[in-house]
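Everything on this sheet refers to the single structure shown next.
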Amino acid sequence: MTQGIQKTMAVSGAAFVLLLFPAMIMIGLLPPMSPMRTANEVAQFWSTNTGLKRLGIVLLLAASGLQAPFGALIAIRLRQMGAGRYSPLAYTELVGTGLAVVAILMPTFAFAAASYRPERDPQITQALNDLGWLPFIMNWPPAVIQALAIGFGILGATHEIWPRWLGYFNVWCGFIFLAGGLAVLFKNGVFAWNGLLAFWLAAVVFGLWFLIMSWQLWVSVAAPEGNSVSSAVPENEPRSQLRQ
Amino acid sequence: MTLIRQSGAPGTSADPGRRVPGEEGIWVFVLGDMTVFALFFATFMYSRGKNHAVFARDHAELHVSLGTVNTVLLLSSSLLVVLAVQRVLGGRHAGAWQLIAGGLCCGAGFVAVKAVEWTQLFAARKGVGSGEFFSYYFMFTGIHLMHVLIGLAVLSRLIVVIRRAEFTDKQARLCETGGIFWHMVDLLWVVLFALFYLVR
């Protein structure tokens, strides 16, 4: 595979973040609304600026898919780092990245439905709003699966491709990504879906994680030694043939 | 898990006065984690400043004695791990695993005391939803408890590593790294203890 395609896959992680946050601003998800808002206030929110909001929703949907090539290239790196004939951590990463796409898709559709009929009963719009916000903030497994798969992959690597601090960084990110997981228990305070810890801390670290991983993928593509995708051994061959 | 040494990392014997303790990468985790906990403490103090009367009332419901026992347990545990790491770095790793096992028991004691304390609070109808003070208390001590459990897994791993026949600089460095994590868990608890149990 050409370096150009690999580099495109590497930057797609950064591109995801650079589309995600502007799209959230367009929709009005950033800064997040309070869960304490009444049904009428929520309906009022979704019935103003509908054109811009819907455009933002379309953009958010487009952004979500960018995680797939990015995660696939990470999975290849995990395979190259591993010693065994099979690469369970790489598969874990692939599952994580697939779920991460869904983690954006699912709330996007709920937000789309909320903005779709401004004239409807506010109670229904509020339910759709909750159905968007709760998975958007609570859904930690996709991110944690990826962070831990990468973290353990790097810390247990037999072929060093990435620096070890990146492994510790990923484990730390995995811990931060848990912050939103209890959002359903709170309607205000720092652990609510608009809270300092559940939203702001997790969002900042989430963005940072994509930028740092994109950068490290880019560096690994540019590195001269056997880092090209073709250096991963097919699973029906012994791993000892891996060029090292 | 095979841990490889970075070629650029200074060896344990090369320049003992100047090298970074443990593996360099662990400090990314430790400093990151401590930054997040600093944010926790700041938000707690901010909310407390806004709602002083409620926080003071709920604070009276906590058992300071149980918190104190836990502080003593974790501090002793850290001391035992320090002694163990000292032995390991001094090349006398043979007797170190018993010290770490002692530290592990203290850590397990911490978990048991926490379980008793939480059971009592739950029985008194206090939960994560019982006001701001208790939501902070359960969330922060819960997140810390998760760190303790991970720490116990790390200490168990160190015992296994030390008891193995092969013991090189690499394993010594691993012990030091694990020790650093455990001391961080201890340090965070000391601040949590002061914040929740002592500050009036």
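Where a number appears in this text, it was derived from the coordinates with a stated rule and is not lab data. Predicted, not measured: the structure shown is a model, and the values here were computed from it.
Quick notes
- A prolate overall shape is assigned to region A:1-138, the ratio a/c of its alpha-carbon gyration tensor axes (a ≥ b ≥ c) being 1.5 or greater and a/b exceeding b/c.
- Prolate/oblate/rounded label for region A:59-170 (Cα gyration tensor, a/c 1.5): prolate
- Each principal axis of the protein assembly as shown carries a Cα extent, and these read 76, 65, 36 Å when sorted largest first.
- Where only C-alpha atoms are counted, convex hull volume of region A:134-231 per residue in Å³: 91
- Sequentially through region A:70-78, phi angles give Karplus couplings (6.51, -1.76, 1.60; θ = phi - 60°) of 4, x, 5, 5, 4, 4, 4, 4, 5 Hz, Gly and Pro residues having no value and appearing as x.
- Of the DSSP H helices in chain B, those whose Cα atoms cover at least 15 Å axially and whose Kyte score averages 1.6 or more: B:64-89
- A helix-only calculation puts the protein assembly as shown at -23500 deg cm²/dmol for mean residue ellipticity at 222 nm, using -39500 (n - 2.57) for each DSSP H run of at least four residues, averaged over all residues.
- Other-chain or far-sequence residues with amide H under 5 Å of A:GLY189's (modelled H): none
- Cα point-scatterer Debye curve for region B:42-105, base-10 log of I(q)/I(0) at q = 0.20, 0.29 Å⁻¹: -0.78, -1.07
- Isotropically averaged projected area of region B:73-145, using the convex hull of Cα atoms (one quarter of hull area), nm²: 5.3
- The angle separating the long axis of helix A:202-222 from the principal Cα axis of greatest extent in chain A is about 30 degrees.
- Extents of region B:26-198, largest first, come to 57, 31, 21 Å (Cα atoms, principal axes, whole angstrom).
- The share of Cα pairs per 5 Å bin across chain A, counted from zero up to the longest distance, runs 1, 7, 13, 17, 17, 13, 10, 8, 6, 4, 2, 1, 0, 0 percent.
- Entry for region A:1-70 at q = 0.16, 0.25 Å⁻¹: log10 I(q)/I(0) = -0.63, -1.03, Debye formula applied to identical alpha-carbon scatterers, no solvent contribution.
- Aspartates and glutamates with Cα under 18 Å of A:LYS7, excluding same-chain neighbours fewer than 8 positions away: A:GLU225
- Reach of A:LYS187 by Cα under 16 Å, taken over aspartates and glutamates that are not fewer than 8 positions away in the same chain: A:GLU41, A:ASP130, B:GLU132
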